[in-house]
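What follows is a single structure, written as C-alpha cells, with notes after it.
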Amino acid sequence: MTLAEHQPLWNKIQQFAFDDPNATITFSKKLADQQRWPASYTERVIEEYRRFIFLCCISPNGASPSKAVDEAWHLHLTYTQSYWNAFCKNTLGKDIHHYPSNGGEQEDHKHTNWYAETLSLYASIFFAPPPADIWPSPVKQEQVNVQSLPQPEQPYQMGKGLILTVVILVLSPFVISYLITGIISPFSLKGPQFLLFYALLIGGALLAHRQMRQARYLYMKRTIDAVPLNGISIFQLANIIYGQERAVQTALVDLYRRELVSVNEDERKIIGHQNKYRAPEKEENPLIPALLANPDESWVYYTDIEGWCNSQSFAHPAIAKIFNLGEDNEPRKKRYLLIGIVLLIGLARILQGWNNDRPVGLLFVEVIALGIGAGLLSYTFSVKTYAFTRLKEHLLDKAGSSKLHPDQVVNDFALNGRLVLDWQPATLMLASMFVLFPVPPPPVSGGGSSSDSSCSSSCSSGGGGGCGGCSGSGSD
C-alpha cells in the first residue's frame with residue numbers, strides 16, 4: 001500500500017477546497033475561532049485532516065484521528081452539503097462515517113493502539129513522521145501541556161504612542177486658533193479665520209489618519225507576509241492574478257506539453273490520451289481528475305472545457321487566507337471616524353454660512369480636498385491591494401525562475417498568455433483556439449457552503465482524538 005497506488009485519489013483530496021470564497025465566515029476561519037488557534041496552525045491541521053481522510057480511504061482498518069484533526073472532522077460534518085455530497089460523494093467516491101467510541105478503560109486502550117497504528121501507517125505512506133504538535137505520541141492526549149498548544153493571534157491594537165500622536169495632531173488646530181483669535185468655538189470665528197482653522201484641522205486630521213492607516217497597514221502586511229505560500233500551484237496563482245480563463249488555458253498547455261491531449265483544430269476538439277498519463281510526485285493540474293475520468297482517446301469541444309473544473313479547482317487555503325486578511329474587516333465607521341468628524345464640522349459651517357448669506361465656496365473646496373486626501377490615503381494603504389501584490393510578486397518570482405512548474409513554456413504562458421505560444425510551432429493550433437474560443441467562467445460549486453445542520457458523536461478520552469475514527473477502505 002503506497003501513495004503512488006492511490007495518487008489520483010490523493011490529488012482529488014488535495015484539490016478539494018474547504019473554504020467557500022463567497023462565505024462570510026469560511027471553514028478555516030470558523031475552525032480557528034472555535035479552537036482559538038492561529039491561522040497558520042489551523043491551515044496545517046486542515047492539511048493533516050486531508051491526510052487522515054486519505055488514510056481512512058485506503059486502509060482496510062480505517063484510521064484514528066488526533067484531537068486536533070478530530071476537531072476539523074467534527075466541524076466539517078456540520079457542513080452537510082460540503083461533507084456528504086461535495087467531499088464524500090464527488091471527491092472520495094464513498095462515505096466516510098464518524099464512529100464514536102463506547103467509552104471505558106478497555107475501549108480507551110483499544111483506540112490508543114488504533115491511533116498508534118495510524119501514526120505508523122502515516123509515516124509509511126507519506127515517508128515522514130506526522131507533526132508532533134498535531135499528532136502527539138499515542139498516550140492519552142489530555143495529558144498534553146496546554147501551554148504547548150498554539151496561542152491565538154492577537155488582534156490589532158493602536159499603541160499608546162500612536163494614540164498620543166493622533167490626539168496632538170487633532171487638538172493642535174484648536175489651540176493654534178485660540179492663540180491667534182482668542183476664540184474657543186470654531187463656529188464663532190469669522191470667515192477668513194475659520195478657513196485658516198479648517199485648513200489646519202484638515203491637515204492635522206489627514207496626518208493623523210495617515211499615521212493610523214500606516215500602522216494598521218504595516219501590521220496587516222506582517223500578518224500577510226507570515227502566511228506560507230508553499231504548495232501554491234502555478235494554476236492557482238494564474239487564476240487569482242489573471243483570471244480563470246488564463247488558469248484553464250495554462251492547465252491545457254500543461255496537458256498539451258505532456259502529450260495528454262491533442263488538438264483537432266478543424267473540428268474544434270480536444271482529444272484526451274489518458275493512457276499516456278504517468279502520475280508525478282505531486283499532481284497540480286486541476287484538469288487531471290476530469291481527464292482521467294474519461295476513457296482513452298475520448299474528446300471534448302474546447303468550449304466545453306468549463307465542465308472539467310470549477311472555481312474550487314483553483315482554490316488554496318493560503319490564497320483564501322491572504323485575501324481574507326486583505327479584506328481588512330475593520331468597521332468602516334471606526335476606520336473613518338476622525339475624517340467623518342472633521343467633515344461634519346465643515347458641512348455644519350457651510351450650513352451656517354448659507355443661513356447667514358455668507359460665501360462658502362472656498363470652504364466647499366476645503367471639504368472636497370479633505371475627501372480627496374482621505375481617498376488617496378485609503379488607496380495608498382490598501383491591505384487588499386497589498387494582498388494581490390504579494391501573490392503577484394510570488395508568481396513573477398517563482399514562475400520566472402521555473403520554480404513553480406518544470407516546463408518553462410507553462411511558466412511563461414501563465415505570466416504572458418497567448419503571446420508565448422506564438423513562438424512555439426507545436427502549440428500554434430492550441431493558441432489559435434484560445435483566440436477564437438475563450439473559456440467562459442464556470443458556475444460556482446464545491447465544498448464550502450455552510451449548513452445549520454449538525455452531526456454529533458460521543459467521544460471517549462482515550463488515545464487518538466478520543467473518537468473511534470473512520471471505517472476501513474472496504475466500507476461505504
Next item on the list: Select from region 236-277 the residues that are β-branched (Val, Ile, Thr) and under 13 Å from Val300 (Cβ atoms) and list them in ascending order.
Entry: Val248, Val261, Val263, Ile270, Ile271
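Residue-by-condition table, conditions (1) within 25 Å of Ala86 (Cα to Cα); (2) at pLDDT 80 or above; (3) acidic (Asp, Glu):
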residue	(1), (2), (3)
Lys276	no, yes, no
Asn285	yes, yes, no
Pro289	yes, yes, no
Thr303	yes, no, no
His316	yes, no, no
Ala320	yes, no, no
Ile341	no, yes, no
Leu347	no, yes, no
Next item on the list: Give the residue that is nearest to the chain's Cα centre (by Cα), with candidates limited to residues of region 1-21 that are under 20 Å from Asn285 (Cβ atoms) and hydrophobic (A, V, I, L, M, F, W, C).
Entry: Ala17
Check: Restricted to region 327-342, and to residues that are surrounded by fewer than 19 Cβ atoms within 10 Å (Cβ to Cβ) and part of a helix (DSSP H, G or I), which residue is farthest from the chain's Cα centre (by Cα)?
Finding: Ile341
Check: Going by the conditions given, is Leu189 hydrophobic (A, V, I, L, M, F, W, C) and closer than 16 Å to Tyr379 by Cα?
Finding: no
Margin query: Which residue is farthest from Phe127 (Cα to Cα), if the candidates are limited to region 8-17 and must be out of contact with any Lys or Arg (no Cβ under 9 Å at 6 or more places or on another chain) and not charged (D, E, K, R)?
Written below: Ala17
Check: Can you list the helices (runs of 4 or more DSSP H) found entirely within region 1-80 that contain at least 1 residues being in the same structural domain as Pro130 (by TED's automatic domain parsing), touching a strand residue (DSSP E or B) at 6+ places or on another chain (Cβ under 6 Å) and not hydroxyl-bearing (Ser, Thr, Tyr)?
Finding: 39-58
Next item on the list: Could you pull out the residue among Ile368, Ile345 that is among the hydrophobic types (A, V, I, L, M, F, W, C), surrounded by 13 or more Cβ atoms within 10 Å (Cβ to Cβ), over 23 Å from the mean Cα position of the chain (by Cα) and part of a helix (DSSP H, G or I)?
Entry: Ile345
Item checked: Hits in region 72-97 - residues which are closer than 17 Å to Leu55 by Cα and polar (S, T, N, Q) -> Thr91
Check: In region 285-311, which residues are within 16 Å of Pro8 (Cβ to Cβ) and not small (Gly, Ala, Ser)?
Finding: Asn285, Pro286, Leu287, Ile288, Pro289, Leu291, Leu292, Asn294, Pro295, Asp296, Trp308, Cys309
Check: Inside region 182-205, can you point out the residues that are surrounded by fewer than 21 Cβ atoms within 10 Å (Cβ to Cβ) and assigned to a helix (DSSP H, G or I)?
Finding: Pro186, Phe187, Ser188, Gly191, Pro192, Gln193, Leu195, Leu196, Ala199, Leu200, Gly203
Margin query: Considering only residues that are within 26 Å of Trp354 (Cα to Cα) and without any contact (Cβ under 8 Å) to a residue 60 or more places away in the chain, which ones fall in region 177-189?
Written below: Ser177, Tyr178, Ile180, Thr181, Gly182, Ile183, Ile184, Ser185, Ser188, Leu189
Note to self: Please count how many residues of region 38-66 are more than 16 Å from the chain's Cα centre (by Cα) and more than 11 Å from Thr118 (Cβ to Cβ).
What the structure shows: 8
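Table: residues versus (1) within 18 Å of Gln7 (Cβ to Cβ); (2) more than 30 Å from the chain's Cα centre (by Cα).
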position	(1), (2)
Glu259	no, yes
Lys276	yes, yes
Glu281	yes, no
Pro289	yes, no
Item checked: Elements of type strands (runs of 3 or more DSSP E) contained in region 237-320, each with 2 or more residues being touching a residue at least 40 places away in the same chain (Cβ under 8 Å) and either among the aliphatic types (A, V, I, L, M) or surrounded by 19 or more Cβ atoms within 10 Å (Cβ to Cβ) (or both) -> none
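The values are calculated or read from the model by the stated rules, or taken from the named source; none is laboratory data. Since the structure is predicted, the reported quantities are computational estimates derived from the model, not experimental observations. Counting neighbours? That spans all protein chains shown, and the Cβs are built from the backbone with ideal geometry, glycine included.
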